[in-house]
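J.: Pasting a structure below so you can have a look.
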Amino acid sequence: MFSRALWARQIAPLRRQAIAPFASRRSVTTDAASAHAEDIPQEDDKPFTVRLSDESFETYEIDPPPYTLQTTKRELKKMYHDLVSIRRMEMAADRLYKEKKIRGFCHLSTGQEAVAVGIEHAITKDDKLITAYRCHGFALMRGGTVKAIIGELLGRREGIAYGKGGSMHMFAPNFFGGNGIVGAQVPVGAGLAFAQQYSGEQTATVALYGDGAANQGQVFEAYNMAKLWNLPIIFGCENNKYGMGTSAARASALTDYYQRGQYIPGLKINGMDVLAIKAAVQYGRDYTVSGKGPLVYEYVTYRYGGHSMSDPGTTYRSREEIQRMRSTHDAIAGLKQKLLDWEVVTDEELKAIDKDARSSVDEEVAEAEKMALPDPTSRILFEDIYVRGSEPRWMRGRSVDETFYY
Amino acid sequence: MFPSRTVVRSFPRWFSASSASSGSARLNVPIDYKTTPLLHHTPSSLATSLEFPRSASTKRLNLYQSINAALRTALSTSEKVILFGEDVAFGGVFRCSMDLQTEFGSERVFNTPLTEQGIVGFAIGAAAEGMRPVAEIQFADYVFPAFDQVVNEAAKFRYREGTTGANVGGLVVRMPCGAVGHGALYHTQSPESLFSHVPGVRVVMPRSPSQAKGLLLSAILECNDPVIFMEPKVLYRAAVEHVPIESYTIPLSKAEVIKLGKHLTVISYGQPLYLCSAAIAAAEKAMNGVEIELIDLRTIYPWDRPTILESVKKTGRAVVVHESMVNYGVGAEVAATIQAGAFLRLEAPVKRVAGWSTHTGLSYEPFILPDVTRIYDAIQQTLEY
């Protein structure tokens with residue numbers, strides 16, 4: 001009986017998807033180039049309006065954000081530069097891992113770059129961000145350098161966490177990692193938001209997790225506290241359709257992750273369109289900072305690679321699916337097309353941006369590769385227990401009878 | 001005849017050749033799993049090991065293949081055995097459940113959401129109804145959301161069932177543990193001592209493919225306590241040996257004397273046994289006439305005190321080795337038991353060689369974990385004491 005009941009539960013989501021009357025519902029597009037703009041000014045800094053696709057958002061207990069976005073040519077070019085930089089950096093990490101120069105666990109965000117870029121362009125440097133292990137792009141956007149991020153992956157002293165953390169343990173100013181345990185960062189994010197509220201800062205926290213982590217109990221505990229105390233937090237589910245090797249529908253009773261806050265308003269966003277993400281997060285930030293409470297966002301996105309370096313990513317989804325997303329929904333290609341259509345840049349200018357982003361990433365990667373390996377000294381072992389400069393005179397060592405003097 | 005303590009102190013005869021020959025660089029070479037005496041490289045060595053049927057036909061398997069074989073055996077033995085966890089349907093990240101869904105169907109072998117607390121709680125409920133659920137936690141580092149379920153539900157189940165007779169025997173929570181050299185903070189930990197603090201669960205860690213199959217089948221099919229079954233993940237591919245094809249069990253809570261000796265007892269479990277074996281070989285070679293006993297605890301809780309005490313009463317010296325942190329570790333419990341139970345026979349303080357009390361940063365694992373040199377030094381110091 002037991003196993004039968006379970007079986008029924010497992011296939012239920014599939015069956016429901018097959019027959020549910022979805023036609024009557026508007027669903028979010030993942031078209032990366034669905035926005036429109038006209039009358040683009042000549043000047044780089046003169047604002048103009050972009051009209052987002054009607055299918056950019058789906059709402060839950062909330063009015064949608066405005067479907068228009070104020071931007072400038074300079075910002076659009078910067079966004080494009082950022083997207084290309086992240087992808088180039090992830091490709092470098094991929095290569096270094098395959099060359100066995102990067103050891104350990106490594107999860108790449110290729111395909112999902114628009115989420116990191118869109119959020120960063122919507123929040124301020126004083127807002128807080130916390131995410132899970134797929135964190136390289138966020139570390140870069142929050143102010144990390146390619147050199148420090150790749151240096152970290154290589155375990156070098158000049159790495160963003162002094163080479164002590166590796167892939168999923170990166171911090172940057174107002175970026176609280178980089179967390180290796182799925183879901184564990186979400187209640188920590190609620191704590192960040194509580195501190196912001198308590199100290200009267202007019203800032204918000206963006207706490208991100210994947211569609212896999214969305215089923216962790218502590219995510220719901222965080223929802224409850226955030227709503228109970230009206231914390232300035234935007235929970236954000238990066239739904240890339242697969243929690244490791246299990247598709248969302250096989251792991252989640254409700255795959256509408258933006259509705260999972262139940263008593264928290266939610267928004268589903270085209271996570272391949274960097275402009276839609278910016279519009280949504282800008283709107284959500286204002287909403288939550290003004291004291292209206294938390295939000296649950298879902299960024300519909302896609303990872304091109306496997307879950308980690310040891311997952312080829314093709315055992316649980318078809319190569320055609322990956323190819324289709326890459327060739328028709330790519331965030332970089334989408335923005336590129338818009339920039340050309342709207343004549344924000346010429347072909348040549350765009351190529352120059354591409355070239356500049358790639359070569360500056362490549363240069364920094366090369367510098368990181370040249371960094372020396374750390375010395376195995378106890379001085380290095382004992383640093384960073386305290387904030388540098390605030391160490392006590394001595395510290396108990398690796399066992400009770402060992403003492404290290406700073 | 002083993003010399004008395006005073007003789008050892010004044011005439012350390014086996015140390016004369018040792019000091020110059022044990023440069024750490026030479027001792028800390030990678031473990032050669034193809035030649036280590038801890039693995040059965042031939043069917044005959046397996047047969048001479050008393051706990052296996054002598055006539056058994058064997059197959060060379062690595063650790064993940066033997067776990068897979070044990071799971072297959074368990075699933076075919078009893079309809080009550082079910083297997084689930086994150087990504088187990090397509091084999092799990094370490095391939096331990098390869099092809100089992102195809103063979104036994106998705107009613108019995110299935111994926112769960114990423115929800116460790118849920119996985120273990122769900123398994124406890126199933127076990128309470130008489131199922132024999134095998135729940136996989138993808139890495140031991142991920143088990144902590146489920147700690148409440150293990151400590152407060154599984155471990156206390158029989159204690160609080162009143163007169164209903166309900167129990168969760170048959171529950172097995174499998175998890176890969178331990179360092180591989182580059183796991184950093186969240187893919188390296190070995191939390192056996194945390195679970196061993198709590199009466200009510202058994203904590204098992206096998207050292208090899210043939211041990212793993214017998215112990216796992218024992219845990220799933222025979223044990224009437226919930227079992228935490230920890231698999232040293234560095235051995236999944238590295239350790240290859242002959243494993244009986246037939247079903248067999250190895251009793252839980254029974255240690256095994258792997259190698260007999262007279263002068264010192266080394267007690268360990270899981271992967272560090274290979275380091276111990278190498279350190280013992282080096283020490284015996286360098287120190288003329290010394291014979292060191294090596295014991296695998298196998299079950300860490302409740303553990304086999306008589307075997308350890310009997311050995312230490314014989315040798316008078318003990319070194320405990322484990323990979324997880326030294327503070328409040330298994331070594332502390334073993335050392336305390338030895339001093340309480342073999343005090344008058346002890347010739348030296350019990351020494352612990354274990355991971356240092358710090359977190360395993362990506363590039364620092366080799367400095368934190370016990371290695372052959374540290375074990376060798378501990379053996380030497382304990383003998384010289």
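The values are calculated or read from the model by the stated rules, or taken from the named source; none is laboratory data. Fair warning: this is a prediction, and the values are worked out from it, not measured in the lab. Quick reminder, even Gly has a Cβ in these numbers, built from the backbone with ideal geometry, and neighbours come from all protein chains shown. Remember, those area values only see protein heavy atoms, side chains included, never the ligands or the DNA or RNA. Shrake-Rupley method; radii C 1.70, N 1.55, O 1.52, S 1.80 Å.
J.: When you scan the stretch B:276-370 for helices (runs of 4 or more DSSP H) that lie fully inside it, which ones turn up with 2 or more residues that are at pLDDT 95 or above and either within 14 Å of chain A (Cβ to nearest Cβ) or open to solvent by less than 20 Å² (accessible area, probe 1.4 Å) (or both)?
T.: Where helices (runs of 4 or more DSSP H) fall fully within the stretch B:276-370 and carry at least 2 residues being at pLDDT 95 or above and either within 14 Å of chain A (Cβ to nearest Cβ) or open to solvent by less than 20 Å² (accessible area, probe 1.4 Å) (or both), they are B:305-315, B:330-341.
J.: If I go through the stretch B:201-219 residue by residue, how many of them are open to solvent by less than 10 Å² (accessible area, probe 1.4 Å) and assigned to a strand (DSSP E or B)?
T.: Number of matching residues: 2.
J.: Also, quick follow-up: For the stretch B:152-183, how many residues are touching a helix residue (DSSP H, G or I) at 6+ places or on another chain (Cβ under 8 Å) and part of a helix (DSSP H, G or I)?
T.: Final tally of qualifying residues: 2.
J.: Looking at (1) of a type outside the set (Lys, Arg); (2) open to solvent by 10 Å² or more (accessible area, probe 1.4 Å); (3) within 22 Å of B:Glu310 (Cβ to Cβ), which one does B:Ala378 not meet, given that it meets all the others?
T.: (2)
J.: Now for a different question. Pick from the stretch A:125-143 the residues that are in a loop (DSSP other than H, G, I, E, B), over 17 Å from A:Asp211 (Cβ atoms) and open to solvent by 10 Å² or more (accessible area, probe 1.4 Å): which of them is nearest to the other protein chains (Cβ to nearest Cβ)?
T.: A:Gly143
J.: Continuing with this model, one more query. Identify, from the list A:Ala352, A:Ala333, the residue that is in contact with a Ser or Thr (Cβ under 9 Å, 6 or more places away or on another chain) and in the same structural domain as A:Gly166 (by TED's automatic domain parsing).
T.: A:Ala333 is the lone residue from the list that is in contact with a Ser or Thr (Cβ under 9 Å, 6 or more places away or on another chain) and in the same structural domain as A:Gly166 (by TED's automatic domain parsing).
J.: Additional query: From the list B:Glu103, B:Glu79, which one is surrounded by fewer than 19 Cβ atoms within 10 Å (Cβ to Cβ) and either among the hydroxyl-bearing types (Ser, Thr, Tyr) or not in a helix (DSSP H, G or I) (or both)?
T.: B:Glu79
J.: Which of (1) open to solvent by less than 60 Å² (accessible area, probe 1.4 Å); (2) more than 10 Å from chain A (Cβ to nearest Cβ); (3) assigned to a loop (DSSP other than H, G, I, E, B) is the odd one out, the single condition B:Gly92 does not satisfy?
T.: The number of the failed condition is (2).
J.: Considering only residues that are surrounded by 12 or more Cβ atoms within 10 Å (Cβ to Cβ) and either among the β-branched types (Val, Ile, Thr) or free of Cβ contacts under 8 Å to residues at least 12 places away in the same chain (or both), which ones fall in the stretch A:353-369?
T.: Residues satisfying the conditions are A:Ile353, A:Val361, A:Glu363, A:Val365, A:Ala366.
J.: Suppose we filter A:Glu320, A:Glu298 for residues that are open to solvent by 30 Å² or more (accessible area, probe 1.4 Å) and either of a type outside the set (Gly, Ala, Ser) or within 14 Å of chain B (Cβ to nearest Cβ) (or both); which single one remains?
T.: A:Glu320
J.: A further question follows. Has the stretch B:184-200 got at least one residue that is out of contact with any Pro (no Cβ under 8 Å at 6 or more places or on another chain), within 13 Å of another protein chain (Cβ to nearest Cβ), under 17 Å from B:Tyr301 (Cβ atoms) and assigned to a helix (DSSP H, G or I)?
T.: The answer is no; no qualifying residue exists.
J.: Does B:Val266 satisfy the criteria of being in contact with a Cys (Cβ under 7 Å, 6 or more places away or on another chain), touching a residue at least 12 places away in the same chain (Cβ under 8 Å) and in a strand (DSSP E or B)?
T.: yes
J.: So how many residues does the stretch B:251-260 have that are without any contact (Cβ under 8 Å) to a residue 60 or more places away in the chain and over 13 Å from the mean Cα position of the chain (by Cα)?
T.: Residues that pass the stated criteria total 3.
J.: What residue, among those in the stretch A:359-406 that are within 14 Å of another protein chain (Cβ to nearest Cβ) and assigned to a strand (DSSP E or B), is modelled with the lowest pLDDT?
T.: A:Arg396
J.: Also, I was wondering about something else. Of the residues that make up the stretch A:326-340, is at least one modelled with pLDDT of 95 or more, more than 12 Å from A:Ala33 (Cα to Cα), part of a helix (DSSP H, G or I) and open to solvent by less than 40 Å² (accessible area, probe 1.4 Å)?
T.: Checked against the condition, which is being modelled with pLDDT of 95 or more, more than 12 Å from A:Ala33 (Cα to Cα), part of a helix (DSSP H, G or I) and open to solvent by less than 40 Å² (accessible area, probe 1.4 Å), the stretch A:326-340 yields no hits at all.
J.: Can you pull out the residues in the stretch B:237-250 that are in contact (Cβ under 8 Å) with a residue 40 or more places away in the chain, open to solvent by 10 Å² or more (accessible area, probe 1.4 Å) and out of contact with any His (no Cβ under 7 Å at 6 or more places or on another chain)?
T.: Those that are in contact (Cβ under 8 Å) with a residue 40 or more places away in the chain, open to solvent by 10 Å² or more (accessible area, probe 1.4 Å) and out of contact with any His (no Cβ under 7 Å at 6 or more places or on another chain): B:Arg237, B:Ala238, B:Val240, B:Ile245, B:Glu246, B:Ser247, B:Tyr248.
J.: Just to be sure I understand, how many residues within the stretch B:116-133 are in a loop (DSSP other than H, G, I, E, B) and either without any contact (Cβ under 8 Å) to a residue 40 or more places away in the chain or of a type in the set (Lys, Arg) (or both)?
T.: 1
J.: Additional query: Checking B:Arg174 against (1) free of Cβ contacts under 8 Å to residues at least 60 places away in the same chain; (2) within 25 Å of the chain's Cα centre (by Cα); (3) surrounded by 23 or more Cβ atoms within 10 Å (Cβ to Cβ): exactly one of these is not met. Which one?
T.: Evaluating B:Arg174 over (1) free of Cβ contacts under 8 Å to residues at least 60 places away in the same chain; (2) within 25 Å of the chain's Cα centre (by Cα); (3) surrounded by 23 or more Cβ atoms within 10 Å (Cβ to Cβ) leaves (1) as the failure.
J.: Consider A:Gly291 carefully, then state whether it is of a type outside the set (A, V, I, L, M, F, W, C) and crowded, with 22+ Cβ neighbours inside 10 Å.
T.: no
J.: Now a separate question. For the structure I just gave you, tell me whether A:Ala213 is of a type in the set (A, V, I, L, M, F, W, C), touching a Gly at 6+ places or on another chain (Cβ under 8 Å), surrounded by 24 or more Cβ atoms within 10 Å (Cβ to Cβ) and more than 10 Å from every other protein chain (Cβ to nearest Cβ).
T.: no
J.: For the stretch A:93-124, give me each residue that is open to solvent by less than 10 Å² (accessible area, probe 1.4 Å), out of contact with any Asp or Glu (no Cβ under 7 Å at 6 or more places or on another chain) and outside any loop (DSSP other than H, G, I, E, B).
T.: A:Ala93, A:Leu96, A:Glu113, A:Ala116, A:Gly118, A:Ile119
J.: What residue, of A:Thr124, A:Thr59, A:Thr131, is in contact with a helix residue (DSSP H, G or I) (Cβ under 7 Å, 6 or more places away or on another chain), modelled with pLDDT of 95 or more and of a type in the set (Ser, Thr, Tyr)?
T.: That would be A:Thr131, the only listed residue that is in contact with a helix residue (DSSP H, G or I) (Cβ under 7 Å, 6 or more places away or on another chain), modelled with pLDDT of 95 or more and of a type in the set (Ser, Thr, Tyr).
Every residue, every condition in (1) touching a His at 6+ places or on another chain (Cβ under 7 Å); (2) surrounded by fewer than 17 Cβ atoms within 10 Å (Cβ to Cβ); (3) in contact (Cβ under 8 Å) with a residue 40 or more places away in the chain, yes or no:
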{"residue": "B:Ser97", "(1), (2), (3)": "no, no, no"}
{"residue": "B:Leu114", "(1), (2), (3)": "no, no, no"}
{"residue": "B:Ala135", "(1), (2), (3)": "no, no, yes"}
{"residue": "B:Pro145", "(1), (2), (3)": "no, no, no"}
{"residue": "B:Gly165", "(1), (2), (3)": "no, yes, no"}
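J.: When the stretch B:251-275 is examined, which residues are found to be crowded, with 24+ Cβ neighbours inside 10 Å and of a type in the set (Gly, Ala, Ser)?
T.: Scanning the stretch B:251-275 gives B:Ser268, B:Gly270.
J.: Quick test for you: out of A:Gly177, A:Gly166, A:Gly155, A:Gly159, pick the one residue that is crowded, with 21+ Cβ neighbours inside 10 Å, under 24 Å from A:Val289 (Cβ atoms) and within 12 Å of chain B (Cβ to nearest Cβ).
T.: The unique qualifying residue is A:Gly177.
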